[in-house]
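Notes for the one structure printed next.
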Amino acid sequence: MQYSDLINKLIQKETRAAARLITLVENDINAAEQVINSIYKYTGNAYILGITGAPGTGKSTFISTLIKNFLEKGKKIGIICVDPTSPITGGALLGDRIRMKQYFSLDNVFIRSMANRGQLGGLARATEDAIKILDVYGCDLIIVETVGVGQSEVDIFKSAHTVIVLLVPGLGDAIQAIKAGIMEITDIFVINKMDLGGADKKVAEIIQMLELKMNYKYESQENSEIYAKIEQWTPEIVKVNSITGENFNILLDMINKHEKFLKNTGIISNYLKNRIKSETMQILKHKLTKKVEDLLYSNKNIENYIDKVMEKSLDPYSMANLIIEMLGIEKKRDF
Ligand SMILES: Nc1nc2c(ncn2[C@@H]2O[C@H](COP(=O)(O)OP(=O)(O)O)[C@@H](O)[C@H]2O)c(=O)[nH]1
Ligand SMILES: [Mg+2]
């Protein structure tokens, strides 16, 4: 196998192999396929934390303090900083990496940034693969940081066990979080910069929003016994100061509590199933799109169909159905 040397080194926890493999899977989806195929059986040990928040909320400071706390517990940590808004790796994230450099020299911290370079199969796919590599590299904890709140964060966080959203007093970022659907997947709300005042007002705001959401859920599920039996996690809220580290002990307990909740309720297996589903969807979307594109540009029948659509003896929907038949997908559906 082409990459077996690198993969063996990864399994032996060599840092350079991890870095090289992440670059490979980021840039080449065929390489990604081979690499993941070889290492998949070694994955599944890392706990994945998703962290997001608007620029300036203090994510980098917060994560640095979090790293410090987890290092004290003897953990090996991987950090993937994802910037869906940036076409290249650099800018703010580069500055962050320099600031986080105080941890670089440590063997137990691996920091990597990823930007939206139009990866085949998408940034979420590349991030998923990077997570698996760091998992095999032996990270106990993998922190995935994204900037801002948007749909791409929601996709990227499908692989996180615990999702943390950072808010600061006074900004309208909470509203933005609801709009983007982040609220639905948040497990812990962190009000950073508690020293600046107004943090309690923010906590009250979030409680109010959560209550609205819960009432809505209750009303829409009132008649459903199935829903009544599903245990739900009530999101936790904590105020912290990321500069001094105040209340990080409370936060760490909350993360621990959430992990226990996932494991004790068995929700973790639902979570894994959903993760496999959404990940496979990402891969399928890419593979099928590519297959269709290849077909559209190489198959002679396509020209005939286009002519027919022009003559109005065929419409685009019918043409799409014909192409699906050509792909042979529909035929195999009765398995
Ligand atoms: N007062 C105060 N400032 C903070 C706190 N956390 C971060 N900051 C400051 O907020 C600014 C933005 O922080 P940064 O970590 O770069 O935010 P990011 O853009 O979300 O990564 C910096 O000047 C930090 O020093 C905090 O808890 N209290
Ligand atoms: Mg930052």
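Summary of computed values
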| read-out | value |
| --- | --- |
| Pairs where the first residue, in segment 132-161, is closer than 14 Å to A17 by Cα and the second is assigned to a helix (DSSP H, G or I) and small (G, A, S), C-beta under 7 Å, 6+ apart | I133/A18; L134/A18; Y137/A18 |
| The lone exception for L94 - which of (1) closer than 26 Å to R125 by Cα; (2) modelled with pLDDT under 65; (3) away from ligand 1 (no atom under 14 Å from the Cβ) it fails | (3) |
| Selection count, segment 33-64, where residues are crowded, with 23+ Cβ neighbours inside 10 Å and in contact with a Gly (Cβ under 9 Å, 6 or more places away or on another chain) | 4 |
| Residue selected from segment 126-162 under the condition over 28 Å from D107 (Cβ atoms) and over 9 Å from the mean Cα position of the chain (by Cα), by the criterion surrounded by the most Cβ atoms within 10 Å (Cβ to Cβ) | V149 |
| Wholly within segment 246-335, helices (runs of 4 or more DSSP H) carrying at least 2 residues that are more than 32 Å from the chain's Cα centre (by Cα) and more than 30 Å from K68 (Cα to Cα) | 267-298, 300-310, 316-327 |
| When residues of segment 160-209 are limited to those that are at pLDDT below 90 and within 16 Å of ligand 2 (Cβ to nearest atom), the one nearest to E145 (Cα to Cα) | D173 |
| Test result for Y40, under 20 Å from E153 (Cα atoms) and more than 16 Å from ligand 2 (Cβ to nearest atom) | no |
| Unique residue being outside the structural domain of V238 (by TED's automatic domain parsing) and without any contact (Cβ under 8 Å) to a residue 24 or more places away in the chain when the list is K273, K291, K257, K263 | K273 |
| Top-ranked residue in segment 43-63 [being farther than 17 Å from V190 by Cα and hydroxyl-bearing (S, T, Y); ranked as farthest from ligand 2 (Cβ to nearest atom)] | T43 |
| Cβ-Cβ under 7 Å pairs, at least 6 apart or on other chains, segment 4-21 side under 13 Å from F110 (Cα atoms), far side of a type in the set (G, A, S) and surrounded by fewer than 20 Cβ atoms within 10 Å (Cβ to Cβ) | K13/G138 |
| Residue among I7, I29, I48 that alone is outside the structural domain of N256 (by TED's automatic domain parsing), at pLDDT 95 or above, out of contact with any Cys (no Cβ under 8 Å at 6 or more places or on another chain) and more than 16 Å from ligand 1 (Cβ to nearest atom) | I7 |
| Selection within segment 3-23 - within 16 Å of D129 (Cβ to Cβ) and more than 24 Å from the chain's Cα centre (by Cα) | Y3, L6 |
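The values are calculated or read from the model by the stated rules, or taken from the named source; none is laboratory data. Computed from a predicted structure; not experimentally measured. Methodologically, a virtual Cβ is constructed for each residue, glycine included, from the backbone with ideal geometry; neighbour enumeration extends over all protein chains shown.
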